[in-house]
Amino acid sequence: MDNQSQTPQQKVEFERKQHKEEMKQQVISFALMILFTFIAFGMVLLDIGSVFLVPTLLLLAVVQVLFQLYYFMHMKNKGHDMVAVMMYGGLAVAILTIIAFTTIIWW
Amino acid sequence: MSTALAQNRGLGAMIWDYLTTVDHKKIAHLYLVAGGFFFLIGGLEAMLIRIQLMKPDNDFISAGLYNEMITMHGTTMIFLAAMPLIFALMNAVVPLQIGARDVAFPFLNSLGFWLFLFGGVILNVSWFTGGAPDAGWTNYAPLSTVSPGHGVDYYVMGLQISGAGTLIGGINFLVTIVNMRAPGMTYMRMPLFTWAVFVTSALILFAFPALTVGLFLMMFDRMFGSVFFDTAAGGNAIIWEHLFWIFGHPEVYILILPLFGAFSDIFSTFSKKRLFGYSAMVFATVLIGFLGFMVWAHHMFTVGMGPIANSIFAVATMAIAVPTGIKIFNWMFTMWGGNIRMTAAMLWSVAFIPSFTIGGMTGVMLAAAAADYQYHDTYFVVGHFHYVIVGGVVFGLFAALHYWWPKMFGKILNEKLGKLAFWPFFIGFHLTFFIQHFLGLMGMPRRYWVFLEGQGLEAGNLISTIGAFLMAIGTVIFLVNVVYTSVKAKKVSGDPWDGRTLEWSIPSPPPHYNFTQTPLVRGLDPLWVEKSEGKKGMTPAEPLGDIHMPNASILPFLISLGLFIAGFGFIYQVDNKAWLILVFLGMGLTLGSMLTRSLKDDLGHHIHKEELEKDLEKGAGE
């Protein structure tokens, strides 16, 4: 957006629209996260076989973490590239370590 | 301003000044002195090792003492000499190169130093309290878990405390480089040294936690009766090796990368050319950092990981030769056709290229997993890693110290003495370590106390010892140079080398606020851009105004002192629970200091415009 050519009135308007959009996204992701939590609890309560259960729980957990990071902690917004690089870098090292331990050391 | 005041107030005030300082330039001095001191201790230990191995069946030192010697030589040189000396350079140079007034967290910067120092002191106190650690610098379990006495406990506590300091320092420099660059200094305009420090700091951030975890497991096994590494009780000794090398391999890149950066700056300055292939150099630095995390198991080819794991790690290891090769060629192309000045800094840098390349070549040989079964734990490996660490890191430290000495202290190290120190060190280095490759191929194992007569190992070991003495002579001449320079040499201008980067645009040594006005960066090698347009200095990016600076604080010292005291409590509570009192006292001091820091607001102080104008009149801002 070009601040120079906008009147203060337009700017306020624009920001309000942005905030509304932001709010909508946060509510949607919040609702989805609650839903995911119910699904997860439900699956455990209903005793679904663990072959299917564990990967699904992990998947739901990962999606929830991503919602947290991108929508609630604003990683989807601009200026968070370095944060993302660092987080994924650290994640890569951690996962590599876990893979090494589970495959090489313990089989 | 503050330095002038401190000098007028005498020795006590100066000591207090250094104990409480949060100024990155003074912290650089502290790191330099402490790292230099430990370098000399590590060197002394190396000399004792070489004297012991001078002739067959020697009994100059006992077998137990020899084990302590090799352990402490490795540990001291890596953690207490090379790391802090690199931190000295980072502190002295990085904020200046990016046009910042200090690091992002000056308080943490000071805390990082004091933690390192107290950790190092703990480690070395062990010499006087019944035996130093003796399980090798890698401290492999189960040798380390059953090692009698408290030596290994000192290793664990010392490295844990100094490791925390290093981690803090790494995070500090990451944040500094991300957030505090001057206007116009984009990532792709950062000097290569700053880039290298950036990647190094990321490596520290990701690698050191593995060491922290490993040391905690070791601490609990030795002090609190856990059995993580005890196979008989269902533990697994190999876990330590993996954790150690997941940290340990990135660690060797943590050591070498900053000096790769320093070499890049030195080659470009003394060839009067911009660095050849800047973007390729940045790419190679990042790639080395990235690959550095995927090769740790090449230290463990003979552990029995199986052919598949060995092959994967072998190929990944060989891949690192590619970005390193890119760097070697770019340095040579930087010099090609340049207006080369053979200063002492340049001499060390030029000598680094062939020396390090030999080390890299033997590295590729070692990376071949099948062949490694022959080389493993022989002097071939010792030769290899001394070629990369001495030929790379130590040569780099000498080069960088010669290069940045005028910026740190305002005086150029004597060039004649500098070159006089170089030649014995350079020749001695190759004498010491080149022959060790062949000793290794003949079957001489590393870490053995003695070797036998009549196996053809006598001549090689004698040559190696003679070389070590030459290196010692070189080091002594360098020390003489430091004293000579500080007494005799004249002050120089802010830009004695006709430099290219921002640190040369301000006086030497810089005022404690570094830049009177934050400079505007208009390209790679910002000062050179201005010079080539006929200007003398940088274009300011802001009007002259008040500068906000952090306050000095004794708290980092007290926090570290508390952990130092608690460390002894942890070590000796195994013998007698009464020692726990030291844990409570020490942790009380540490936590109390942290609480003070949290509750008491410290908003720093302002340097006013009038004072800056006064400084400018005195010629500080030229």
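Only the coordinates and a few stated rules stand behind these numbers; no lab work does. Not measured: the values here are computed from a predicted model. As a convention, Cβ positions derive from the backbone with ideal geometry for all residues, glycine included, and neighbour counts pool all protein chains shown.
Here are the numbers:
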read-out: FRET efficiency estimate (nearest 0.05) - Cβ-Cβ, B:D377 to B:M332, R0 41 angstrom; value: 0.75
read-out: Rg/Rg_ref, region A:1-76, where Rg_ref = 2.2 N^0.38 Å and atoms are Cα; value: 1.66
read-out: Extension gain, B:K272 back to B:N339 (0.36 nm per residue minus Cα-Cα distance, nm); value: 23.6 nm
read-out: Under 17 Å from B:K488, Cα to Cα: aspartates and glutamates that are on another chain or at least 8 residues apart; value: B:E415
read-out: Length released on extending from B:T212 to B:A370, taking residue separation times 0.36 nm less the Cα-Cα span; value: 53.7 nm
read-out: Average beta-carbon neighbours from other chains, 10 Å sphere, peptide A:85-96; value: 3
read-out: Under Karplus coefficients 6.51, -1.76 and 1.60, residue-wise ³J(HN,Hα) of region B:205-219 in Hz, glycine/proline x; value: 4, 8, 8, 5, x, 4, 5, 4, 4, x, 5, 5, 4, 5, 4
read-out: ³J(HN,Hα), Karplus 6.51/-1.76/1.60, whole Hz, each residue of region B:519-529, x for Gly, Pro; value: x, 9, 9, 10, x, 5, 6, x, 5, 5, 4
read-out: Overall Cα dimensions of region B:164-204 - principal axes, largest extent first, Å; value: 34, 16, 10
read-out: Relative packing of B:75-88, B:462-475, which averages over residues the other C-beta atoms within 10 Å, highest first; value: B:75-88, B:462-475
read-out: Computed FRET value (nearest 0.05) for A:V54 with A:V12, which takes r as the C-beta separation and R₀ as 41 Å; value: 0.25
read-out: Label point distance in nm, B:S532-A:D47, each placed 7 Å from Cα along Cα→Cβ; value: 7.7
read-out: Overall Cα dimensions of region B:436-525, principal axis frame, Å, largest first; value: 69, 36, 22
read-out: Whole-Å distance, taken between Cα centres, linking region B:99-175 and region B:482-543; value: 35
read-out: Computed log₁₀ I(q)/I(0) - Debye formula, equal Cα scatterers, no solvent, chain B, q 0.08, 0.10, 0.12 Å⁻¹; value: -0.57, -0.91, -1.32
read-out: Links that overshoot a 25 Å alpha carbon limit, given the list B:K273/B:K614; B:K26/B:K411; B:K491/B:K614; B:K536/B:K618; value: B:K273/B:K614
read-out: Computed label-point distance, nm, for sites B:D498 and B:L603 using a 7 Å Cα→Cβ extension; value: 4.9
read-out: Prolate/oblate/rounded label for region B:112-183 (Cα gyration tensor, a/c 1.5); value: prolate
read-out: Between 0 and 90°, nearest 10: helix B:580-599 axis offset from chain B longest Cα axis; value: 20
read-out: Chain B: angle of helix B:321-335 to the longest principal axis, Cα-based, in degrees nearest 10; value: 40
read-out: Alpha-carbon spread of the protein assembly as shown, three principal axes, descending order, Å; value: 93, 83, 57
read-out: Theoretical ellipticity at 222 nm over chain B - DSSP helices of four or more residues, -39500 (n - 2.57) apiece, nearest 500; value: -22000 deg cm²/dmol
read-out: Efficiency of FRET between B:W16 and B:K491 - r from beta-carbon atoms, R0 35 angstrom, step 0.05; value: 0.85
read-out: Shielding by other protein chains, A:97-104, mean Cβ within 10 Å; value: 5
